[in-house]
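Here's the structure we're looking at; comments come further down.
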Amino acid sequence: MSDADQTETTFPRLVQAGVDGTATAKQHARLAELLRTDVQLRAEYVQLLRVDALLHFTGGAAAMKRAPARSTIRRFSFSTSPLRFAAAAAVLLVCGLGALWWSRRGVEVEIVRTAEVATTEWREGTTVRLNHLSLPRGRVEFRLPSGVWLEVVAPAELQFVNAMHVRVSLGQVTADVGDRGKGFVVDTAQTKIVDLGTKFGVAVPNAGHTGVVVFQGEVEVFDRRSRRASDAPLTRLVEGEAVRVDAQRHMSRIMNVTSGPGDDAWSTHGGETGGVITSVHDNLRDPAGLYYYRILAGGLHEDAPAFVAKRHEWNGLDATGIPAELLGADLVQTFPSDHNNTALEIVVTVARPAVIYVLADSRTEPPA
Amino acid sequence: MADMTPDQMSQFVERLTAAQSALHGSIHTLLAGATDAADVLQETNRVLWRKAADYDATRPFLPWALTVARFEVLAHRKRLSRDRLVFDDTLLGQIAEEYERQSARGGALSALEQCLQRLPPAQRELVDQRYLRGESVKTIAVRQDRAANAVSALLYRIRSLLATCVDHALTKDEPA
């Protein structure tokens, strides 16, 4: 085989390994050598990477074009409507309100629900094409073409990379990926979170750390700097677990997740649910899992889940159900691991004087 | 920025918007396809906004913006950990020049859309999986029960076909 033949056979592999992020140092050096010395290969390389970039940039725009047109679709195509674009940009830059779409490409998303957002353009049921989203206040629920439901809570900055991938620089995002969205990815400055079929939340209160909370199912949390598909995740979280990752990729357990009676308005730092219970802590230094205590403001009702990661429910002992004086009380969901740990101490902090009930599993003897 | 009139600002916004795919392409190419291209693009946009008042509107926007993007790539590269595989300054300069030469012919995005329409259904499906759904090569390979290398090679072939198709389309549109 001549040198030229060898170059032809190895160049595609080297480029592909580079694009896939699987190139070894040796492969990378060989590719650099070829690009440095061969003008033709350099031109070919740029052509290929340019196409790869355009495909990433459009996020499968061609595929979306095949979808049947919907009467509710609204396109914000600034290239064809410079006045609208200038107005939208001015709103963001001058007034600091509203949302900006940086490009005419992006992901076509359906607006499911909005609350307290600055723009009046987003009507429920309409579809807009988004690339970068800057949300200074309010909350928006989106449906992506992949079927993924996404809630964004301000202040938030994120980028819709494609229908299966968003990047969060700031804010709180909850994703319910449904049946088709397995593999959905959320990037932050520190982490890459890959969904394995679940509902999970990501909180980026600042550039320094990321919080990940799993409500259902399972996610894998990778170091954002990982490039190889074979790199092991930092951690794998299951339902009821949450972790905080800092800039040095140190992980710490998030002990409380507070919310209203459902998964709405969840928070890892207390939030403003108006509830009586503000935090719950324990003395576990090395828990079996990264479980959190779930504080549901007003969450106690018949059939309320008893634990964060098990299907047991709280029910009344007879047909009258949960005693009326307990209905609508704040509920703390504990987790099932460490149930044999007799040294376990749980500290509950309340915002005002309160009566605390400790509910006991009916299969066990009531505590003395 | 404060010195710009509303018309100038509007024109700047329009040019910056039109340049997004080229800027992203340049950064993506210089970073050899790394996943952090979007972050560098965001930073480049911020710098371009800060420098908006310096821009001479009588000169082409794209070369100026590409130069800013190239410096942002260099700055980003310095922040990367040492184990990241990156090209040296000289090679980055050579690639940047080639990219600028190729992107001087506009219309690549429209050409690509047309070329995508011509792909056979199976190849279109693979493009959708990789770029619409953002699936990794490994994920696609597992689902299709094929070797990851085989999926990689097929993707390379598709990109190669698309690159040739785009090049032909742009050449055809050039004035004789």
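The values are calculated or read from the model by the stated rules, or taken from the named source; none is laboratory data. Quantities reported herein were computed from a predicted structural model and do not represent experimental measurements. For neighbour counting, all protein chains shown are included, and Cβ atoms are generated from backbone atoms with ideal geometry for every residue, glycine included. For the accessible areas, the whole protein counts, side chains as well, though only heavy atoms, and no ligand, DNA or RNA atoms are used. Shrake-Rupley method; radii C 1.70, N 1.55, O 1.52, S 1.80 Å.
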Given labels modelled 7 Å from the Cα in the Cβ direction, how far is it in nm from B:Ser110 to A:Leu327? 6.5 nm
Around A:Leu170, which amide H atoms from residues at least 5 apart in sequence, or from another chain, sit under 5 Å from its own amide H, with H modelled in the peptide plane? A:Glu157
Is the C-alpha gyration tensor of the stretch A:106-240 telling us rounded, prolate or oblate? Criteria: a/c under 1.5 is rounded; beyond that, a/b larger than b/c is prolate, otherwise oblate. prolate
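Quick one: which of A:15-22, A:245-252, A:326-333 comes out on top by average Cβ neighbours within 10 Å, and what's the full order, highest first? The partial results should precede the final answer.
On the way: A:15-22: 21.6, A:245-252: 13.6, A:326-333: 19.4.
Descending packing order for the listed peptides: A:15-22, A:326-333, A:245-252.
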State the answer as a single residue: which of B:Ala57, B:Gln102, B:Ala38 lies farthest towards the positive end of the charge dipole of chain B, with beta carbon charges of +1 for Lys and Arg and -1 for Asp and Glu, about the Cα centre. B:Ala38
The FRET efficiency for B:Gln117 and A:Glu124, from their Cβ-Cβ distance with R0 = 30 Å and rounded to 0.05, is 0.35
Each residue of A:16-27 has, on average, a number of other protein chain C-beta atoms within 10 Å of its C-beta equal to 5
Would you mind working out the accessible area per residue for the stretch A:144-262, using a 1.4 Å probe, and quoting it in Å²? 32 Å²
Give me a single rounded figure for A:28-35: the average over its residues of other chain Cβ atoms within 10 Å of their Cβ. 3
Residue-ordered couplings for the stretch B:142-152, obtained by feeding phi - 60° into the Karplus form 6.51 cos²θ - 1.76 cosθ + 1.60 and rounding to whole Hz (Gly and Pro as x), are 4, 5, 8, 6, 10, 6, 4, 4, 5, 5, 4
In terms of modelled amide H atoms, which long-range or inter-chain residues lie less than 5 Å from the amide H of A:Trp314? A:Asp303, A:Ala304, A:Ala306
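Checking an interface number: how much accessible area is buried between B and A, summed over both chains, with a 1.4 Å probe, in Å² rounded to 100?
On the way: alone 11750 and 20210 Å², together 26020 Å².
Approximately 5900 Å², summed over both chains.
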Which value in deg cm²/dmol, rounded to the nearest 500, describes the helix-derived mean residue ellipticity at 222 nm for chain B, given -39,500 (n - 2.57) per DSSP H run of n ≥ 4 and division by the residue count? -22500 deg cm²/dmol
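I'd like the carbon and sulfur percentage of the solvent accessible area for the stretch A:106-240, probe radius 1.4 Å, heavy atoms only, ligands and nucleic acids excluded.
Details: 2030 of 4530 Å².
C and S fraction of accessible area: 45 percent.
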Amide H of A:Ala329 versus every other amide H placed in the peptide plane: which residues, excluding those fewer than 5 positions away on the same chain, fall under 5 Å? A:Leu300
Per-residue counts of other Cβ atoms within 10 Å, averaged by peptide: what ranking do you get for A:351-360, B:56-65, B:137-146, highest first? B:137-146, B:56-65, A:351-360
What list of ³J(HN,Hα) values in whole Hz, one per residue of the stretch B:113-121 in order, does the Karplus curve 6.51 cos²θ - 1.76 cosθ + 1.60 (θ = phi - 60°) give from phi, with Gly and Pro shown as x? 4, 5, 5, 4, 5, 8, 5, x, x
Quick calc, A:Ala247 & A:Val355: beta-carbon distance into FRET formula, R0 51 Å, rounding 0.05, result 0.75
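Ranking request for peptides A:174-185, B:18-29: highest mean number of other beta-carbon atoms within 10 Å first, then the rest in descending order. Walk me through the numbers before you get to the answer.
Working: A:174-185: 20.2, B:18-29: 24.8.
Top to bottom by mean Cβ count within 10 Å: B:18-29, A:174-185.
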Once you have the Cα-Cα distance between A:Thr320 and A:Glu218, take 0.36 nm times their residue separation minus that, and quote the gain in nm to one decimal. 33.1 nm
For the stretch A:195-201, Karplus couplings with θ = phi - 60° (6.51, -1.76, 1.60), whole Hz, Gly/Pro x: 7, 10, x, 5, 10, 9, x
Share of the stretch B:34-176's accessible area from carbon and sulfur, percent, 1.4 Å? 52 percent
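A 30 angstrom limit on the alpha carbon distance is what I want to check against. Which of A:Lys26/A:Lys182; A:Lys26/A:Lys192; B:Lys51/B:Lys138 exceed it?
Working: A:Lys26/A:Lys182 34 Å; A:Lys26/A:Lys192 26 Å; B:Lys51/B:Lys138 42 Å.
Pairs exceeding the cut-off: A:Lys26/A:Lys182; B:Lys51/B:Lys138.
Can you tell me the FRET efficiency between B:Gln8 and A:Ala43 if r is taken as the Cβ-Cβ distance and R0 is 30 Å, rounded to the nearest 0.05?
Values: r = 36 Å, r/R0 = 1.21.
Calculated transfer efficiency: 0.25.
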